Amino acid sequence: MPRPGNNLPGFRATQLEFAAHIRDPESHPCPADVDARRMKIYIELFYNNIEGFLASGFPISKQVLGEQRWHRLVREFVHYHGSESPYFLEISQEFLTYLAETNPQTDDLPPYLLELAHYEWVELALGVSEQEIPDSGFDSEADLCSGPLVVSPLIWCLAYQWPVHEIGPDRIPSSLPDLPTQLIVFRRRNDRVSFMEVSAATLELVERLRTGLTADEALEQIARALPESDSKVVYEQGLATLERLREAEIVLGVSIEDHGTVR
């Protein structure tokens, strides 16, 4: 195998050899002028930092894989993935990209791993997001049918094939469920990240409210899309769902203009 950077100036070639050996010491030899004992320290520090960050971001994925498969997967990521970002906070996103866009050499990965990792990444992304729930622009106690509703910016509406919120080392799904799992993952004012398992209709309701519709408009549209359902039942269940969403700080309240009147 040709040495990395053998057509570049000496210092640059050495840098590439150094980096290649750190990422994949089994395939790339140690640079000739670097002490192997000291190089081993760099290798361990580099890997342990990345593995530790991934382990904190994907704790359930690590548990269900077990130590051997987890470390094999992380080493493949380190060896083969060309990260686009140098920031530590974005290592988890790079790892998710690796799982989604490549075919890891570890051939015994569970079929639910990508969705599980995505769910864990969403929790992390919400936890570190610099966005905040606004303190104004809405009336949190108003009748939810009195105007357009304000939805929290700190929510993700998600649908998975696997019940990712239930998976753990003691709860491994044996087969693909018949029905998908729909979740709203959200962050509260106290910065706690939580999830709510919901129906497809609730996901659709939240997405329609995000466009500025009132509760009445959104529920009417959903009822029309479900002709086999009783529109009165859809409306009543929808209002009860909206109250649950308000309690969870997913729906914040009724939008208010600066002068204080409901639009």
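The values are calculated or read from the model by the stated rules, or taken from the named source; none is laboratory data. For clarity, every value in this text was computed on a predicted model and none was experimentally measured. Ideal geometry is used to build each Cβ from the backbone, glycine not excepted, and the neighbour counts take in all protein chains shown.
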For this session: Report yes if E115 is under 24 Å from S175 (Cα atoms) and assigned to a helix (DSSP H, G or I), otherwise no.
Result: yes
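Conditions (1) under 23 Å from the mean Cα position of the chain (by Cα); (2) exposed (fewer than 12 other Cβ atoms within 10 Å of the Cβ), marked per residue:
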| site | (1), (2) |
| --- | --- |
| R188 | yes, no |
| G212 | no, no |
| A218 | no, no |
| A225 | no, yes |
| S229 | no, no |
| V233 | no, yes |
| G253 | no, no |
Problem set entry | Every residue from segment 190-201 that is surrounded by 16 or more Cβ atoms within 10 Å (Cβ to Cβ) and either farther than 20 Å from E123 by Cα or touching a Phe, Trp or Tyr at 6+ places or on another chain (Cβ under 9 Å) (or both) | V193, F195, M196, A201
Problem set entry | Filter result for S146 (hydroxyl-bearing (S, T, Y), touching a residue at least 40 places away in the same chain (Cβ under 8 Å) and either more than 20 Å from N190 (Cβ to Cβ) or assigned by TED's automatic domain parsing to the domain that holds F58 (or both)) | yes
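This table checks each residue for (1) surrounded by fewer than 11 Cβ atoms within 10 Å (Cβ to Cβ); (2) within 18 Å of L124 (Cα to Cα); (3) at pLDDT below 70.
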| site | (1), (2), (3) |
| --- | --- |
| A20 | no, no, yes |
| L45 | no, no, no |
| A55 | no, yes, no |
| L73 | no, no, no |
| E84 | yes, no, no |
| E94 | no, yes, no |
For this session: Filter segment 147-176 down to residues that are over 30 Å from S255 (Cα atoms) and of a type in the set (S, T, N, Q) and give me whichever is surrounded by the fewest Cβ atoms within 10 Å (Cβ to Cβ).
Result: S174
Problem set entry | Residue list for segment 167-204, restricted to those being modelled with pLDDT of 95 or more, part of a loop (DSSP other than H, G, I, E, B) and in contact with a strand residue (DSSP E or B) (Cβ under 8 Å, 6 or more places away or on another chain) | P180, R188, V198
Exercise. Is at least one residue of segment 112-131 of a type in the set (D, E), over 15 Å from the mean Cα position of the chain (by Cα) and closer than 21 Å to L203 by Cα?
Worked result: no
Exercise. Would a scan of segment 150-163 turn up a residue that is of a type in the set (A, V, I, L, M) and under 18 Å from F58 (Cβ atoms)?
Worked result: yes
Exercise. Is it the case that some residue within segment 119-128 is assigned to a loop (DSSP other than H, G, I, E, B), modelled with pLDDT under 95 and on the phi < 0 side of the Ramachandran plot?
Worked result: no
Exercise. Which residues, taken from segment 144-166, are in a loop (DSSP other than H, G, I, E, B) and modelled with pLDDT under 95?
Worked result: L144, C145, S146, G147
